[in-house]
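Here, each number is a calculation from the coordinates, and none is a lab measurement. Predicted model, so just to flag it, every value in this text is computed and none were measured. Please note: Cβ atoms are built from the backbone with ideal geometry, for glycine as well, and neighbour counts cover all protein chains shown.
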Amino acid sequence: MTALTEELKLGLDAPICLTWELTYACNLACVHCLSSSGRRDPRELSTDEAKAVIDEMRDLQVFYVNIGGGEPMIRPDFFELVEYATSNGVGVKFSTNGSRISPERAVQLAGMDYLDIQISIDGADAATNDRVRGEGSFQTAIDAMENLQAADFGPFKISVVVTRENIGQLDDFQALADHYGAELRLTRLRPSGRGIDSWHELHPLPEQQVDLYHWLLAHPQTLTGDSFFHLNALGDENLPGLNLCGAGRVVCLIDPVGDVYACPFVLHDDFKAGNVRDSGGFGHVWKASELFTELREPQSAGACASCGQFDACQGGCMAAKFFTGMPLDGPDPECVSGHGEVALSGIGIEARPQSTSNHSKPVPVALGATRV
Amino acid sequence: MNASSATPASTEASRTPFDSSAPWRLHPRVALRPEPFGALAYHYDNRRLNFLRSPDLVALVETMGAHPSPEAAFAAAGLDERRWSAFERALAALAASDFLEPA
Ligand code: SF4
Ligand code: SF4
């Protein structure tokens, strides 16, 4: 472990990785949606409130923000806010399912500076993707990519959540990215939001995690958002990245109603630090909230303390432990030494925390279900 | 966490070999944010992050453009000569990712 990691654990004056979900509204209903999105929340930040948040980011020197949702392009003021951010020195990377990237919108996007786009797919073919993201969503994403390419947007990102079902397609995803001159981004499936339930069927199997580790080592240019540091316990070589849980230290999330959470994967009251509408705004929450102060204190390694791999793996992801009902100071549910599986097998469904921020549409969302 | 853009600059091949006797300056599209360990540097053009991990390094980077060479800047800052090679390596890494540019 580097001294830098130790310094980062103490927290920074402003986040490095700030995610801002602009809306809970979404036209899709992915079974693993980390924010349980679907319906717009009537308390959503207004355009003026959102601009005030951007003003704060500028003052705090947050150099870029990751915008997501829901589907952020659904907000009627989406372009206005993106332009306001980039013209204030806050670069924007936004995640989208692609449904709003028409040929005209693609041209508009291509004309903007300091803007990155990340299009989400979860399968390299329609069958695999649509089982998770819904009927027709693969074609929608491909159409968006075609439109961006035709508009000469330049390199965008293709973002994939690695699951048990798509992990055999890593080379296909890479080929798709190469075809569009895009960058491939692979991230870890966490049991957050609607993933609280679907994770148990979708998370990669132990042998698949080994394959993934080797694939990532062989493809070091792959973007991962430092998702997979728990895999570092598999070998002598560490995956590139900072190798720590950044929640409340270098990472945080602002949700559509202005609530500030420790990370995008812990939308739960236990990890809510405050609201941007509170006096002192976002800056005060980041610098002085009780929760973030606590997360920056030395954390106990708990049951991982006796594991020789702790330096490499740091005990994994806090969100993954929390939403599977496991102790936060123990092994990750996907601990590559198998300690998570053992612990998990003793935890009943009733021990899993429920989402405290659910905006799912009132339709059952199940793997492979046909939606209307 | 998302630090995919925080890959150490030293992993990228240097386009301009770093010459510590030639003039260099901070790239105009780089912003520095003070942090407890030094500063966080962000390059608005290539969208990379770098960690400047000592206040001395931050001061050097900020004043680089006012000196005829990094070596002159080291001397002006009164840095112990035994530390020069370490600073030179740090600056070379920054130059390799275009955080510094020939002046
Ligand atoms: S026991 Fe803990 S530290 Fe060891 S590999 Fe498993 S999760 Fe990582
Ligand atoms: S809780 Fe998990 S996803 Fe969130 S910052 Fe920590 S390791 Fe990353």
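Taking Cα centre as origin and charging only the Cβ of basic (Lys, Arg, +1) and acidic (Asp, Glu, -1) residues, the dipole magnitude of chain A rounds to 640 debye.
The Rg/Rh ratio of region B:20-98, with both radii computed over alpha carbons and Rh defined as the Kirkwood radius, is 0.94. As a rough footprinting exposure proxy, the listed residues B:S69, A:S279 were ranked by other beta carbons within 10 Å of their own, and the order from fewest upward is A:S279, B:S69.
Counting only residues at least eight positions apart within a chain, or on another chain, the lysines with an alpha carbon under 18 Å from that of A:K157 are A:K93. Calculated mean residue ellipticity at 222 nm for the protein assembly as shown: -9000 deg cm²/dmol, from DSSP H runs with n ≥ 4 weighted as -39500 (n - 2.57), summed, divided by the residue count and rounded to 500.
Say the cut-off is 24 Å between C-alpha atoms; which of A:K9/A:K287; A:K9/A:K272; A:K9/A:K321; A:K51/A:K287; A:K272/A:K321; A:K321/A:K361 go over it? Distance filter (> 24 Å) returns A:K321/A:K361. Near B:L26: Cβ cut-off under 10 Å, other residues only, Lys/Arg at +1 and Asp/Glu at -1. The net charge is 0.
Which number do you get for Rg(Cα) / (2.2 N^0.38 Å) in region A:22-153?
Its radius of gyration relative to the 2.2 N^0.38 Å reference: 1.07.
Expressed to the nearest 5 percent, the antiparallel share of DSSP beta bridges inside chain A is 15 percent.
Rounded, prolate or oblate, given the Cα gyration tensor of region A:1-85, with a/c below 1.5 counting as rounded? Here region A:1-85 falls in the oblate category.
About its Cα centre, region A:1-71 has a charge dipole of approximately 300 debye under the convention of +1 per Lys or Arg Cβ and -1 per Asp or Glu Cβ, with nothing else charged.
For the protein assembly as shown, the Kirkwood estimate of hydrodynamic radius, built from reciprocal distances between every pair of different alpha carbons, is 23.1 Å.
Roughly how far apart, in whole Å, are the Cα centres of region B:31-66 and region A:1-56? Value for the Cα centre distance between the two parts: 25 Å. Among A:L115, A:L231, a tally of other beta-carbon atoms within 10 Å of each Cβ gives an order, fewest to most, of A:L115, A:L231. Annotation: the residues A:S120, B:S54, sorted from fewest to most other C-beta atoms within 10 Å of their own C-beta, follow the order B:S54, A:S120.
What the Cα atoms of region A:195-283 give is an Rg and a Dmax of 16.5, 49 Å. What net charge do the residues around A:A124 carry, taking every other residue with its C-beta under 15 Å from that of A:A124, with Lys and Arg at +1 and Asp and Glu at -1? Local charge sum for A:A124: -3. Taking the square roots of 5 times each eigenvalue of the Cα gyration tensor of region A:161-221, largest first, gives ellipsoid semi-axes of 22, 14, 9 Å.
The GNM of chain A, with springs linking C-alpha atoms under 10 angstrom apart, assigns the highest mean-square fluctuation among A:H203, A:H32, A:H179 to A:H179.
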